[in-house]
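Trainee: Can you keep this structure in mind? I'll have questions shortly.
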Amino acid sequence: MDKRPIGVFDSGVGGLTAIKELKAILPHEDMVYFGDTARVPYGTRSDETVTRYTQQCIRFLLSRDVKLIVVACGTASAVALPRIADSLPVPVMGVVPSGVAAAVTATRSDHIGVIGTAAAIRSRAYEYAIHGHSDTVRVSATACPLFVPLAEEGWGEGEIAHLTAEAYLAQLREESPDVLILGCTHYPLLEGTIGDVMGTGVTLINPAKQTALDAKKYLEDGGGLSEKDTPGEILYYVSDTGEGFRRIARWFLGETVSVQASVDIESY
Ligand code: DGL
């Protein structure tokens, strides 16, 4: 039994898609969420910058005495984790392996689409992980950078989101994978729009779902569940104003969240 919280971070509101799944699957766990709202987006930045930001987010969560860190950011998982995973004092899980495992199980045509930020797609991390399961699976990958500000703005649905998705996904739709990984944790906030544009024949994979299941299994196997029988408490931190963050959290999680404090993340 381990009463310490699970740490979760993202560049902004995207990691709330992981919080939603983690809450459903591990309802008694305490969690600490950090949204790096002062520096979002990560996906347009260099590998070095994404790695530095990721290290700082991890240091902040370690200062809150977490037992496990879920990197609820496709970009940080794809770009930074392979560089730093070996040097960390607590277990750290990214969203790439879990999302890929779910996609490989779901595909019937052995053709998987991946969408993510420019940095995540450039890293080819999803592609390598898919080929780690099977080198015969075809992968079609596309970066969709504007989905992140749309999600941060709460504009995941409606005409602008739809037109943006049409522009980004036209080529992918022609290549017609039967499964599409939402390789950035912001993208489930546009799931309805992406699903409409891709059509009903395409199964959308939200990696946060499998990541939450994998986190549960990891804690169960290692005797690390909290064993509380009351609902877990989630503390939210951001690095800038929490205004937009609270608005999206209310809409997406269906509850009012209070942000504990604005963290000076550059000092970590
Ligand atoms: N939600 C993050 C991801 O999964 C970051 C997006 C961004 O900040 O560009 O990639």
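The values are calculated or read from the model by the stated rules, or taken from the named source; none is laboratory data. Treat the numbers as computed from the prediction; the structure is a model and nothing was measured. We place every Cβ from the backbone using ideal geometry, glycine too, and count neighbours over all the protein chains shown. Surface accessibility is based on the protein's heavy atoms, side chains included, excluding ligands, DNA and RNA. Shrake-Rupley method; radii C 1.70, N 1.55, O 1.52, S 1.80 Å.
Trainee: Output wanted: per-residue J couplings in Hz (rounded whole) for segment 47-63, from phi through Karplus 6.51 cos²θ - 1.76 cosθ + 1.60, θ = phi - 60°, x for Gly and Pro.
Mentor: Listing the rounded values in order: 4, 5, 5, 4, 5, 5, 4, 4, 4, 5, 4, 5, 4, 4, 5, 4, 5 Hz.
Trainee: Same structure, new question: Taking only protein heavy atoms into account and a 1.4 Å probe, give the accessible area per residue of the chain in Å². Mind showing how you got there, number by number?
Mentor: On the way: 11230 Å² over 268 residues.
Using a 1.4 Å probe on heavy atoms only, each residue of the chain averages 42 Å².
Trainee: Related question: May I ask for the angle, rounded to the nearest 10°, between helix 96-106 and the longest principal axis of the chain, with both axes built from Cα atoms and the value confined to 0 to 90°?
Mentor: 50 degrees
Trainee: Explain nothing, just compute: Karplus ³J(HN,Hα) = 6.51 cos²θ - 1.76 cosθ + 1.60, θ = phi - 60°, for every residue of segment 142-159 in order, whole Hz, x for Gly and Pro.
Mentor: The phi angles translate into 9, 8, 10, x, 6, 5, 5, x, 4, 5, 4, 7, x, 10, x, 10, x, 5 Hz.
Trainee: So what is the relative contact order of the chain, in percent, for Cα pairs below 8 Å that sit 6 or more residues apart?
Mentor: Value for the chain: 29 percent.
Trainee: Per the Kirkwood formula on distinct C-alpha pairs, the Rh of the chain is how many angstrom?
Mentor: Every distinct Cα pair counted, the radius reaches 18.3 Å.
Trainee: With θ taken as phi - 60° and the coefficients 6.51, -1.76 and 1.60, list the Karplus ³J(HN,Hα) couplings across segment 225-237 in order, rounded to whole Hz; mark glycine and proline as x.
Mentor: Calculated HN-Hα couplings, in order: 6, 7, 6, 6, 10, 9, x, x, 9, 10, 9, 10, 10 Hz.
Trainee: Another question, if that's okay. Roughly speaking, to the nearest percent, how much of the chain's 1.4 Å accessible area is carbon and sulfur?
Mentor: Details: 5560 of 11230 Å².
The value for the chain is 50 percent carbon and sulfur by accessible area.
Trainee: So if we plug the beta-carbon distance of D86 and D65 into 1/(1 + (r/R0)^6) with R0 = 25 Å, what FRET efficiency do we get, rounded to 0.05?
Mentor: Approximately 0.70, to the nearest 0.05.
Trainee: Angle check, please: helix 243-253 long axis (alpha carbons) against the longest principal axis of the chain (alpha carbons), in degrees 0 to 90, nearest 10.
Mentor: 70 degrees
Trainee: Compute a Gaussian network model of the chain, connecting alpha carbons closer than 10 Å, and tell me which residue from S46, S226, S140 fluctuates the most.
Mentor: Of the options given, S46 has the highest mean-square fluctuation.
Trainee: Between I205 and residues 5 or more places away or on another chain, which pairs have amide H atoms under 5 Å apart, with H built 1.01 Å from N, and which residues are they?
Mentor: L180, I181, L182
Trainee: Can you tell me which of G195, G74, G156 moves the most in a GNM of the chain? Springs connect C-alpha atoms under 10 Å apart.
Mentor: In this elastic network of the chain, the residue with the biggest mean-square fluctuation among G195, G74, G156 is G195.
Trainee: Same structure, new question: Expressed as an acute angle from 0 to 90° and rounded to the nearest 10, what is the orientation of the C-alpha long axis of helix 16-25 relative to the principal long axis of the chain?
Mentor: For helix 16-25, the angle is close to 70 degrees.
Trainee: Then there's this: What order, most packed first, do the peptides 96-105, 179-188 have when packing is the mean number of other Cβ atoms within 10 Å of each residue?
Mentor: Values: 96-105: 22.5, 179-188: 29.1.
Packing proxy ranking, top to bottom: 179-188, 96-105.
Trainee: For segment 177-229, what relative contact order do you get, as a whole percent, if you take Cα pairs closer than 8 Å and at least 6 residues apart?
Mentor: So the answer I get is 38 percent.
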